[in-house]
Structure formats: C-alpha cells, structure tokens
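Below is one structure, written out as structure tokens; comments come after it.
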Amino acid sequence: MGLNSLSGNVPSSFANLSRLTRLYLHYNNLQGNIPLSTLAECQNLRMLSLGDNNFSGIISQEVIDRMSSSYTVFDLSRNRLTGSIPKEIGHFLNLEFLDTSRNMLSGEIPPTLGSCIKLEYLDMHENFFRGNIPSSMASLRGIEELYLSHNNLSSMIPEFLERFEFLRSLNLSYNNLEGTVPMKGVFNSTSSTSVEGNSKLCGGIPDFHLPECKLRHSEKRGLSITLKWIISLVFGLFGLTFAIVFLYLCCLRRERKEDTSSDSEEFLRVSYQNLLKATNEFSIANLIGMGSFGSVYKGVLEDGGTTIAIKVFNLVRRGAYKSFTAECEALKI
C-alpha cells in the first residue's frame, strides 16, 4: 500500500491481521499516533515500513517490548516522532534494516543496539541525538551503511568503525565530534565517508582537508615529566660517578704522602656499595657541609673503621664541572 495518497489513521482492525508478515505504508499522507500499539498484535509481522508519512507521538517502551523479536525491516523515517528510542530496540535480534531518520527523536543512541548484530543498514540522521557513539556498536561487524549525520553527537569517533570490513558508506557530518579521524577502512576515502561540519576534528587523510592534530595538554605534560625524570637520572649517575672518582683521587693523594716503607701496602679500594654503607646511603645525618657546587658527606668504612669524606658534585649547577677539574688538579700537587 506504499506510494499512494492514503490519508487518515491506520485502522485499529489491523490488529486482527494475525498472519500478516509484511506491511508497507510508506510514502502516503497517513497521520495520527504511530500505530505501533496496533501492529504489536501482529506477531508474524517481519517487515514494517511507515516512512514518509505524518505520524507523530513516541516510540513506546512497552509497545516495543510487546512486538515480535523477528523483525528484519523497521522503517519509521520521515515522520514527526518525538522522545527517545527505548532500550528494548535491542530485542530485535534479527533486524537487518533500521531507519529512524528525519524525525525529532532525542536522547542518546541506546547501547542495546549493539545486540542487533545482523544489522546491515542503520540510518538515524537528522534527529536530536546526543552523547557519544556507543562502544557496544563495535559488535555490528556486518553493517554496510551507517548514517548519523545532523545530530548533536559528541566525543571522539570510535576506532572500531575503521575495522568494519563491510562498511562502505558512513556519514558522521554536522555533529559535535572531536579528536582524530581514523585513516583505515572506510575512512580511507572521501567518497565513502563524510565528516564535515565537525569543527573539532583533526587528522585523517589529506582529502578531508582537516587541520593537523596537536598533542593534548595532558600528553604534553606527560612527555615533560618523563623528560625531567630522564635528565635527573642522567645527571644523578654522572654525579655519583664523579664522587667515586674524587674519592679515589683523595686516597691516591694520601698514599703519595706516606712513607716509602709503606709502598708495599695496597691502595685503598672502595666499592660503590661500601660507599653507600659508609654514608648510610648518603643520609642527611652524614652531611657535614654544602657548597655552591656540591655536598660533603662523612663516612666510616667497615674495614678498620676508617673515616672518609666524600664530595658529591651537583653537575646541574653551572661551573660545577670546572670546580671538579680544579680540585682534581690540586690533588696532583
């Protein structure tokens, strides 16, 4: 009965068509509340097309729950429907075609749509849907056409869309989407995908003519913190290395001043681990002095209880390296 000039309401007697499997009433002038309550009695109905009429009202949660779960085609497009799509839409496990475009529907896209894993065609454009594209839609791996343009959708474009191998047409234009546009799959061609009208999008293939993506503040901050840690670690290692070298030179200078009869004695050799133990891991309690370029720690070696002084240079300070060189030269005298 589609493509005629039928007007008025859908008769309530349609509820008696118990053997009806397909009903096409699209492209007419039918009006009144959308007759889903009446058609819910037709439990053998599989294909329903009510598009391009003047139906109004809401898609009732209770009515959808009463309808057969065997629908394969459900077309409510181009009417004056309001309200939201109830979560019970996920009961249509055999649904292959769903069109609710060009109405005045609002709310969020129900995550339960992800249960309609047989969907091949989904059109929800020109409504007032808000929120993000549900992550549950990642299960719609067989979808071929997806139209969500001219809504108020926000957040980022989900990456799972680029992994849909059968998706050949995607329209996300004129929403409030943001972030990076994927580049694989359907996003590899502007003839297959439209993302225009989303001022906060960036990246994507050059044909989209979008600005390059900049690092988010949090990413910049993360890189800055990492770089500071690396620099601190490097300078810390240099400082410990110079401390060990300086200690060795101090010991060498003392050995030179000893009596020649002690030439047979071995030079004092101190490992880094012994150095840590001697200073209680460079504890502040062992700190005996601080200068412009470093700190001096007192240490007691375990072997014989020898007391030593260890200077740790702060190479971050300008002139520290020059000071270290000067002290090394003084030890040679």
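The values are calculated or read from the model by the stated rules, or taken from the named source; none is laboratory data. These figures come from a predicted structure and were not determined experimentally. Cβ sites come from the backbone with ideal geometry, for glycine too, and all protein chains shown count toward neighbours.
This table checks each residue for (1) part of a helix (DSSP H, G or I); (2) crowded, with 18+ Cβ neighbours inside 10 Å; (3) out of contact with any Gly (no Cβ under 7 Å at 6 or more places or on another chain).
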position: 84; (1), (2), (3): no, no, no
position: 90; (1), (2), (3): yes, yes, yes
position: 95; (1), (2), (3): no, yes, yes
position: 98; (1), (2), (3): no, yes, yes
position: 104; (1), (2), (3): no, no, yes
position: 107; (1), (2), (3): no, no, yes
position: 112; (1), (2), (3): yes, no, no
position: 118; (1), (2), (3): no, no, no
position: 125; (1), (2), (3): no, yes, yes
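List, please: which pairs have Cβ atoms under 6 Å, are six or more places apart or on different chains, and start with a residue in the range 162-178 that is over 15 Å from residue 188 (Cβ atoms) and assigned by the TED database to the domain that holds residue 138 and end with one that is among the aliphatic types (A, V, I, L, M) and modelled with pLDDT of 95 or more?
Close Cβ pairs satisfying both conditions: none exist.
Say whether the condition of being free of Cβ contacts under 8 Å to residues at least 12 places away in the same chain and of a type in the set (Ser, Thr, Tyr) is met by at least one residue in the range 13-26.
Applying the first criterion (free of Cβ contacts under 8 Å to residues at least 12 places away in the same chain) to the range 13-26 yields 13.
Pick out the ones that are also of a type in the set (Ser, Thr, Tyr) and you get 13.
Yes, the range 13-26 has at least one match.
What do you reckon, is residue 68 in contact with a Leu (Cβ under 7 Å, 6 or more places away or on another chain) and either assigned by the TED database to the domain that holds residue 105 or among the aliphatic types (A, V, I, L, M) (or both)?
Numbers: in contact with a Leu (Cβ under 7 Å, 6 or more places away or on another chain): yes; either assigned by the TED database to the domain that holds residue 105 or among the aliphatic types (A, V, I, L, M) (or both): yes.
Yes; evaluated as a whole, the condition is true for this residue.
Hey, does the range 134-144 have a residue that's crowded, with 18+ Cβ neighbours inside 10 Å, of a type outside the set (A, V, I, L, M, F, W, C) and touching a residue at least 12 places away in the same chain (Cβ under 8 Å)?
no
Is it fair to say residue 314 is farther than 30 Å from residue 177 by Cβ and at pLDDT 80 or above?
The answer is no for residue 314.
To keep it simple, each residue is scored yes or no on (1) closer than 20 Å to residue 10 by Cβ; (2) modelled with pLDDT of 95 or more; (3) hydroxyl-bearing (Ser, Thr, Tyr).
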position: 25; (1), (2), (3): yes, yes, no
position: 38; (1), (2), (3): yes, no, yes
position: 56; (1), (2), (3): yes, yes, yes
position: 63; (1), (2), (3): yes, no, no
position: 77; (1), (2), (3): yes, yes, yes
position: 88; (1), (2), (3): no, yes, no
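Looking at the range 185-212, which of its residues are small (Gly, Ala, Ser) and over 18 Å from residue 156 (Cβ atoms)?
Within the range 185-212, 189, 191, 192 meet the criteria.
Among all residue pairs at least 6 apart or on different chains, which show Cβ distances below 6 Å where the first residue, located in the range 31-45, is touching a residue at least 12 places away in the same chain (Cβ under 8 Å) and the second is not in a loop (DSSP other than H, G, I, E, B) and not small (Gly, Ala, Ser)?
31/54; 34/55; 36/63; 37/63; 38/14; 40/63; 40/66
Within the range 135-151, count every residue that is touching a strand residue (DSSP E or B) at 6+ places or on another chain (Cβ under 8 Å) and not aromatic (Phe, Trp, Tyr).
Going through the range 135-151 one residue at a time, the tally reaches 8.
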